[in-house]
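Data first, discussion second: the structure below is written as structure tokens.
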Amino acid sequence: MTLFYVAPSSPDERRFALDDNHFVTWVYDAATKAVVFTVTATLSPGDWVALGISNDNRMAETDVIHMGINTDGTPVVSDR
């Protein structure tokens with residue numbers, strides 16, 4: 001398992017890539033004051049990826065979206 005923390009290097013940075021097959025992009029919508037994230041990952045059954053959002057750069061109390069493919073091939077998304 002790989003754990004990592006990424007802080008944007010500038011307010012305009014809107015993409016983070018681990019490699020060509022695993023990356024996150026985001027867009028801020030000023031009208032709705034929402035941030036929309038898109039997570040792209042190449043997964044096989046049993047694999048998962050997660051996106052954590054924290055306002056203090058720590059794991060405790062971090063909001064995490066967990067996404068994966070069940071062993072039967074069905075996708076699953078949960079908020080943890």
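Peptides 31-37, 62-68 ranked from most to least packed by the mean count of surrounding Cβ atoms within 10 Å: 62-68, 31-37. Quote the FRET efficiency, to the nearest 0.05, computed for residue 17 versus residue 72 with a Förster distance R0 of 25 Å and r equal to the Cβ-Cβ distance. The computed FRET efficiency comes out at 0.30.
Hey, what's the stretch 19-80 come to in accessible area per residue, 1.4 Å probe, Å²?
76
Please report, as a whole percent, how much of the solvent-accessible surface of the stretch 30-80 comes from carbon and sulfur atoms (probe radius 1.4 Å). Of all accessible area on the stretch 30-80, carbon and sulfur atoms account for 54 percent.
Computed about the Cα centre, the dipole magnitude for the stretch 11-80 is approximately 120 debye when only Lys and Arg (+1) and Asp and Glu (-1) carry charge, each at its Cβ.
With a/c under 1.5 counting as rounded, go ahead and sort the stretch 28-80 into rounded, prolate or oblate using the C-alpha gyration tensor (a ≥ b ≥ c being the square roots of the eigenvalues; past the cut-off, prolate if a/b is larger than b/c, else oblate). Cα axes put the stretch 28-80 in the oblate bin.
The values are calculated or read from the model by the stated rules, or taken from the named source; none is laboratory data. Here the structure is a predicted model, which means the values were calculated and not measured. Neighbour counts run over all protein chains shown; Cβ positions are idealised from the backbone, glycine included. The area values use the complete protein model at the heavy-atom level, side chains included, leaving out ligands, DNA and RNA. Shrake-Rupley method; radii C 1.70, N 1.55, O 1.52, S 1.80 Å.
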